[in-house]
Amino acid sequence: MKQYMDETAKVAVSGKKLVVVEGLKKMNHKTKLTRRVSKNIRRSLGAWCYRYWLNRIQMTCENNRVSFRTVNPAYTSQRCHACGHTESGNRHGEMFSCLSCGHTDNADLNAGKNILWRFLSGPYGAAYKPSIA
């Protein structure tokens, strides 16, 4: 498993200049959110090596001179990237549909756009301007 994570981290970072991730903490089987789901789901979350995965990506970024940043994860999956409206009803599983402007998108893609926007609009990202490719 660790070898697969290492290989995937190398592929994910290759050719990039910037990697921005959510600064998630305490992702294990004891978190408040996961107590509401089944025992099997909690077990699989507890076995998931999220911290190891982030460390591998960060080390790969350092080895390849890629900038690695984290942002606050609050409401990134509930915020509409198009209009900025935040509501828990916007997300329906894998589909994101804004209740305010009607924008629809894949939920993970919308969250990824919000993570990048949060970095670029934050105090440390204002100076970083990605090249349009």
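A short reminder: the numbers here are calculations on the coordinates, not readings from a lab. Everything numeric here is computed off the predicted structure, so don't read it as measured data. Reconstructed Cβ throughout: ideal geometry from the backbone, glycine too, with neighbour counts over all protein chains shown.
Figure legend. Inter-residue proximity from the stretch 80-104: first residues under 18 Å from R118 (Cα atoms), second residues of a type in the set (A, V, I, L, M) and in a loop (DSSP other than H, G, I, E, B), beta-carbon distance below 9 Å, spacing 6+ or different chains. Indicated pairs: C80/L99; H85/L99; E87/L99.
Of all residues in the stretch 50-77, exactly one satisfies the criterion of being over 17 Å from A12 (Cβ atoms), small (G, A, S) and touching a strand residue (DSSP E or B) at 6+ places or on another chain (Cβ under 7 Å), namely S77.
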